[in-house]
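Values in this text are rule-based calculations from the coordinates and carry no lab data. These numbers were taken from a predicted model, which means no experiment stands behind them. Note that each Cβ is placed from the backbone with ideal geometry, even for glycine, and that neighbours are counted across all protein chains shown.
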Amino acid sequence: MFRDVFTFAVKRTAAQALTFYIFWVVLTVIFAAVVSGFVASGATTSASASFDLGVHIGSAIAIAFSVLLSLLTLIAKKKTNSPVAWVMFVLAAVLSYLGGALLGMIPLAYLTTL
């Protein structure tokens, strides 16, 4: 079920793309939570300030993961000349800004089916 989730050149079915989406969203959230926790706990003394800093760091990590994974998928699939693929890339960046990894990974999952 989780076979080839680190291989970006694979053409996936809808079920495989859903598995890919779930895997990368969970991995991104765990990574963002760990990094945010470490950075925010030592940076401020106030609980609310630590929480705010953690939210900003988590958002930045979600955007970075969505953009990086989308770009890796474009390059691995040799779709850098496809306008549809670039629209999905930009959509991944915009959606990850608006809704974090939960929304930003949706276009990425679609890119894996191309």
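To test your reading of the geometry: what angle, between 0 and 90 degrees and rounded to tens, separates the Cα axis of helix 83-111 from the longest principal axis of the chain? The answer is roughly 20 degrees. Relative to the longest principal axis of the Cα atoms of the chain, the long axis of helix 47-76 lies at roughly 20 degrees.
Of the peptides 96-109, 63-76, the ranking by mean beta-carbon count within 10 Å, highest at the top, reads 96-109, 63-76. Each Cα pair under 8 Å and six or more residues apart adds its sequence gap; the mean of these over the residue count of the chain is a relative contact order of 35 percent.
Charging the Cβ of each Asp and Glu at -1 and of each Lys and Arg at +1, and nothing else, the dipole of the chain about its Cα centre rounds to 520 debye.
Tilt of helix 14-43 relative to the longest C-alpha principal axis of the chain, in degrees (0 to 90, nearest 10)? On a 0 to 90 degree scale, this one is about 20.
Shape summary of the chain, radius of gyration then Dmax from alpha carbon positions: 15.3, 49 Å.
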